[in-house]
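Asks: First the structure, then my questions, so here it is.
The values are calculated or read from the model by the stated rules, or taken from the named source; none is laboratory data. Just so it is clear, the structure is predicted and the values come from calculations on it, not from any experiment. All Cβ positions, glycine included, derive from the backbone under ideal geometry; neighbour counts span all protein chains shown. Areas reflect the complete protein model, heavy atoms only, side chains present, ligands, DNA and RNA absent. Shrake-Rupley method; radii C 1.70, N 1.55, O 1.52, S 1.80 Å.
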Amino acid sequence: MNRITRLLIVLLLLLHTAAGQEDNTRRTKQRIENYLIALEGVGFHGSVLVVLRGEVLLSNGYGFLDRQAASRNTAETIYDIGSITKQFTAAAILKLEMQGKLSVEDPLSKYFPDLPADKKNITLHDLLRHQSGLISTIGGDYEKISEEEFVRQVFASTLFTPSLPAPITRVWRAYTTPEDIMQWNAASDDWQTTAATVDLRVGGDFCSRMEAKDGSVGFDFAGTYTNIVPQGLIEYAFGDRTARVEFAETPGGVRVRVTFESETTHTIEQQRDGWQAILDNFARHVEANL
């Protein structure tokens, strides 16, 4: 059991023993404080907030923010926790929806009235699913930027929803024909698809043999089609997951969007980047064969 897990369990036990005894609030606070001070003595560094029935019992920092500079943590110390913030943000959005204060189908234009035209119809659901087309990063991880400037740069950026300048019939054929699939179905230059089969009908199976070019590893990406709308939609199941491929004609060409269920072996970012890389290869293949 790691130190953080042990800390959370002990705090939970301390709170539980006094949860029904309002007159013990002060004593509970002292017990928690004593425990954290002792924990600090054996190397704990961090900030802790303890709230009981809406009352803040404790909000303090422990240990060093910078040991060499003798700078200590406080309750206001900022920590780099990366993508963990996404889970809390998503939970907050869903909580607000439960309270009737918003809907995940709300467009961004409801909250930002002066949006550029290409971003007005992006929904909160699009943001939660990483399918808005907005750029993934603004500046470096430790670059100082105000909220106002961050929002300005995001909305001024080029929306990544490329349309393929090709007829929908050509785009559809390139996505569903084995000979084409073998040309574009790889996430990086050191991988390839050596064989592909497609039975394009509901209940039909597909399989792409994906291998490293050095022959060191390979696997079958295989599944079953569950819904087909010619030149419009492909849905399929693979293992215990599903994916959806949408084809939409726009004034600039055909836009292809892939939505997939994630797995737990790789991070969401790694999976999204991999699927996007394959889609980018597909776009290049279509454009090169117009």
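Asks: Search segment 41-68 for residues that are under 12 Å from T25 (Cα atoms) and pair each with any residue that is open to solvent by 20 Å² or more (accessible area, probe 1.4 Å) and among the charged types (D, E, K, R) when their beta-carbon atoms are under 7 Å apart and the residues are at least 6 apart or on different chains.
Replies: L57/K29; L58/K29; L58/E33
Asks: Scanning segment 246-275 for residues that are within 22 Å of T197 (Cα to Cα) and out of contact with any Lys or Arg (no Cβ under 9 Å at 6 or more places or on another chain), which turns out most open to solvent (accessible area, probe 1.4 Å)?
Replies: Checked segment 246-275; the qualifying residue most open to solvent (accessible area, probe 1.4 Å) is W275.
Asks: Still on this structure: Which condition does T77 not pass, out of (1) in contact with a Leu (Cβ under 6 Å, 6 or more places away or on another chain); (2) modelled with pLDDT of 95 or more; (3) of a type in the set (V, I, T), if it passes all the others?
Replies: (2)
Asks: Considering segment 67-97 alone, what residues qualify as being in a strand (DSSP E or B) and open to solvent by less than 70 Å² (accessible area, probe 1.4 Å)?
Replies: Passing the criteria: only S71.
Asks: Would you check if G140 is exposed (fewer than 12 other Cβ atoms within 10 Å of the Cβ) and assigned to a loop (DSSP other than H, G, I, E, B)?
Replies: Considered against the rule, which asks whether it is exposed (fewer than 12 other Cβ atoms within 10 Å of the Cβ) and assigned to a loop (DSSP other than H, G, I, E, B), G140 comes out as yes.
Asks: Being within 30 Å of the chain's Cα centre (by Cα) and either more than 13 Å from E287 (Cβ to Cβ) or open to solvent by 20 Å² or more (accessible area, probe 1.4 Å) (or both) is the filter here, so list the residues in segment 163-172 that pass it.
Replies: Scanning segment 163-172 gives S163, P165, I168, W172.
Asks: Cβ-Cβ below 6 Å, separation at least six or inter-chain, first residue in segment 100-118 and without any contact (Cβ under 8 Å) to a residue 60 or more places away in the chain and surrounded by 10 or more Cβ atoms within 10 Å (Cβ to Cβ), second among the polar types (S, T, N, Q) and part of a loop (DSSP other than H, G, I, E, B): which pairs?
Replies: Qualifying pairs under 6 Å: P107/N121.
Asks: Being exposed (fewer than 15 other Cβ atoms within 10 Å of the Cβ) and over 16 Å from L58 (Cβ atoms) is the filter; apply it to segment 19-46 and report the residue that is modelled with the lowest pLDDT.
Replies: Top of the filtered list is G20.
Asks: Among the residues of segment 274-287, is any of a type in the set (D, E), in contact (Cβ under 8 Å) with a residue 40 or more places away in the chain and more than 30 Å from Q87 (Cα to Cα)?
Replies: Within segment 274-287, one or more residues are of a type in the set (D, E), in contact (Cβ under 8 Å) with a residue 40 or more places away in the chain and more than 30 Å from Q87 (Cα to Cα).
Asks: Among what's in segment 124-137 and is assigned to a loop (DSSP other than H, G, I, E, B) and of a type in the set (A, V, I, L, M, F, W, C), pick the residue that is most open to solvent (accessible area, probe 1.4 Å).
Replies: Applying the filter and picking the extreme gives I135.
Asks: Mind checking whether some residue in segment 250-271 is hydroxyl-bearing (S, T, Y), assigned to a strand (DSSP E or B) and under 21 Å from the mean Cα position of the chain (by Cα)?
Replies: yes
Asks: Mind listing just one residue for me: the one in segment 210-245 that is open to solvent by 50 Å² or more (accessible area, probe 1.4 Å) and closer than 20 Å to L164 by Cβ and, of those, modelled with the lowest pLDDT?
Replies: In this case the residue turns out to be R244.
Asks: Here is a further query. Would you check if there is a residue in segment 146-154 being open to solvent by 70 Å² or more (accessible area, probe 1.4 Å), in a helix (DSSP H, G or I), of a type in the set (D, E) and out of contact with any Asp or Glu (no Cβ under 7 Å at 6 or more places or on another chain)?
Replies: Checked against the condition, which is being open to solvent by 70 Å² or more (accessible area, probe 1.4 Å), in a helix (DSSP H, G or I), of a type in the set (D, E) and out of contact with any Asp or Glu (no Cβ under 7 Å at 6 or more places or on another chain), segment 146-154 yields at least one hit.
Asks: Filter segment 102-131 down to the residues that are of a type in the set (G, A, S) and either more than 28 Å from S262 (Cα to Cα) or touching a Phe, Trp or Tyr at 6+ places or on another chain (Cβ under 9 Å) (or both) and list them by number.
Replies: S109, A117
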